[in-house]
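What follows is a set of notes on a single structure, which appears directly below.
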Amino acid sequence: MPRSLLHDRGFSRREVLVLGAGAFVAAALPFAGRRRRRLRRRTVPMMGTVADLSVVTDDDGRASVALDAAVRALRLVETSMTRFDPRSDVGRANLGAAAGPVAIGPETRTVIEHALSWATSSDGAFDPCLGRAVALWDVTERDAPPPDGSWARLAGRRLYERVDVGLSSDGLPVVSFADPDVRIDLGGIAKGHGVDRAVRALREAGIEDGLVNVGGDLYALGRSEDGDPWRVGVRSPTDPASLIDTIDVEDGAVATSGDYERAFLHEGRTYHHLLDPRTAAPRVTDVHSVTVTGDSCLHADAAATALFGATPGEAARLLRARPDRLALRTTV
Ligand code: ADP
Ligand code: MG
């Protein structure tokens, strides 16, 4: 979609940039003579990007109940896990957890635990506690780097090791920080979790075929309206009009992390949103886009972020060491 058209429809700059994201549904190739079922689609602004949900069913009532439930599931994840709202679980933790334990919901706890486990298995390449550095770089709003050195004191701190997740004396999940610089940021994993939750809501509403795509992190349920597996395209980082890969997916997740969707250019250098925790600055690498496939969008999302900038050998080792049955699909 041309940018001007998006602007006409009232999308913000942030959403326009993210619509350039990695993976999306490429046009299905209709099979002559095969009966196409009906595809219902809904698009809503979500998690700083756009959620695009589709269900394949001839039952109108079921389609709308299912889409409502899926959007509600996504919204719940957004509401509890955004770092932009001081009332969310993550917002309250970031305000108070350096002073003492802060109660969080069980689902936020689970996502934080998965994020910390990705931090450990990636030896800190994935660090969900770098919210301060992420906020400093704020690449969707900036057009020049933050003042020299403002981020240097956050470099190499392994802040994920300074978070405790546990239970309060009355058995409620709590989080506390052992370092005042910890700020939880689930931006690299929560969209994937939201996709998984939305897919569960669709299934519970009786949908067997459908697709949930939140800014390039997606899950394809069953088959497309043509009866074929969903065909997912991975956009070229350098030419948004062309594809570097197409993946046929049936009951599976695809997640992409790229340096081209949220970034600014300054004096010939691209500053993107994927930080290297060793420098607390955008990772310097020749890689522009990483796509991971698997059964769980949460894990595929975290993996795509964790593996951005890893060598193929490092990536293979990391995925082998994890139980999530993920595969590295493309790195360009
Ligand atoms: P997208 O938001 O485009 O889907 P990702 O899933 O790769 O991209 O997540 C990028 C987000 O993750 C950043 O916007 C930031 O919030 C957070 N982040 C950046 N660097 C790291 C990192 N090294 N480890 C964990 N999270 C990160
Ligand atoms: Mg990710």
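Among the residues making up region 260-290, those that are away from ligand 2 (no atom under 16 Å from the Cβ) and among the acidic types (Asp, Glu) are GLU267, ASP286. The residues in region 181-204 that are more than 14 Å from ligand 1 (Cβ to nearest atom) and either small (Gly, Ala, Ser) or in a loop (DSSP other than H, G, I, E, B) (or both) can be counted, and the count is 3. The single residue among GLY149, GLY96 that is modelled with pLDDT of 95 or more, away from ligand 1 (no atom under 12 Å from the Cβ) and over 23 Å from ALA310 (Cα atoms) turns out to be GLY96.
Write out, first by first residue and then by second, each pair whose Cβ atoms fall under 6 Å of each other, whose residues are 6+ apart or on separate chains, and whose first residue, in region 247-261, is over 26 Å from ALA281 (Cα atoms) while the second is at pLDDT below 95 and surrounded by 22 or more Cβ atoms within 10 Å (Cβ to Cβ). Listed by first residue and then by second, the contacts come to ILE247/VAL232; VAL249/TRP230; VAL249/VAL232; VAL254/ALA23; VAL254/VAL232. Within region 290-323, being away from ligand 1 (no atom under 15 Å from the Cβ) and either outside any helix (DSSP H, G or I) or touching a residue at least 40 places away in the same chain (Cβ under 8 Å) (or both) holds for ASP295, THR311, ALA321, ARG322, PRO323.
Evaluated against (1) within 16 Å of ligand 1 (Cβ to nearest atom); (2) in contact (Cβ under 8 Å) with a residue 40 or more places away in the chain, SER117 falls short on exactly one condition, (2). Set side by side, the residues ARG83, ARG92 differ, and just one is under 20 Å from the mean Cα position of the chain (by Cα) and surrounded by fewer than 23 Cβ atoms within 10 Å (Cβ to Cβ), which is ARG83.
For region 45-68, the criterion of being touching a Phe, Trp or Tyr at 6+ places or on another chain (Cβ under 9 Å), within 16 Å of ligand 2 (Cβ to nearest atom) and in a loop (DSSP other than H, G, I, E, B) is satisfied by at least one residue. If you go through region 201-248 one residue at a time, how many are modelled with pLDDT of 95 or more and of a type in the set (A, V, I, L, M, F, W, C)? Residues meeting the conditions: 10. Looking across region 76-117, the residues that are part of a helix (DSSP H, G or I) and touching a Ser or Thr at 6+ places or on another chain (Cβ under 8 Å) come down to THR79, SER80, MET81, ASP89, VAL90, GLY91, GLU107, THR108. Please determine, by comparing only the residues of region 201-217 that are away from ligand 2 (no atom under 16 Å from the Cβ) and not acidic (Asp, Glu), which one is most open to solvent (accessible area, probe 1.4 Å). Going through the qualifying residues, I end up with ARG203. Scanning region 228-280 for residues that are under 25 Å from GLY210 (Cβ atoms), in a loop (DSSP other than H, G, I, E, B) and open to solvent by 60 Å² or more (accessible area, probe 1.4 Å) turns up GLU250, ASP251. I'm trying to understand the selection: among the residues of region 118-165, which are of a type in the set (Val, Ile, Thr), part of a helix (DSSP H, G or I) and buried (at least 17 other Cβ atoms within 10 Å of the Cβ)? VAL134 - this is the single residue of region 118-165 that is of a type in the set (Val, Ile, Thr), part of a helix (DSSP H, G or I) and buried (at least 17 other Cβ atoms within 10 Å of the Cβ).
The values are calculated or read from the model by the stated rules, or taken from the named source; none is laboratory data. Quantities reported herein were computed from a predicted structural model and do not represent experimental measurements. Heads up, the Cβs are rebuilt from the backbone with ideal geometry, glycines too, and the neighbour counts pull from every protein chain shown. The accessibility values were calculated without ligands, DNA or RNA, using every heavy atom of the protein model including side chains. Shrake-Rupley method; radii C 1.70, N 1.55, O 1.52, S 1.80 Å.
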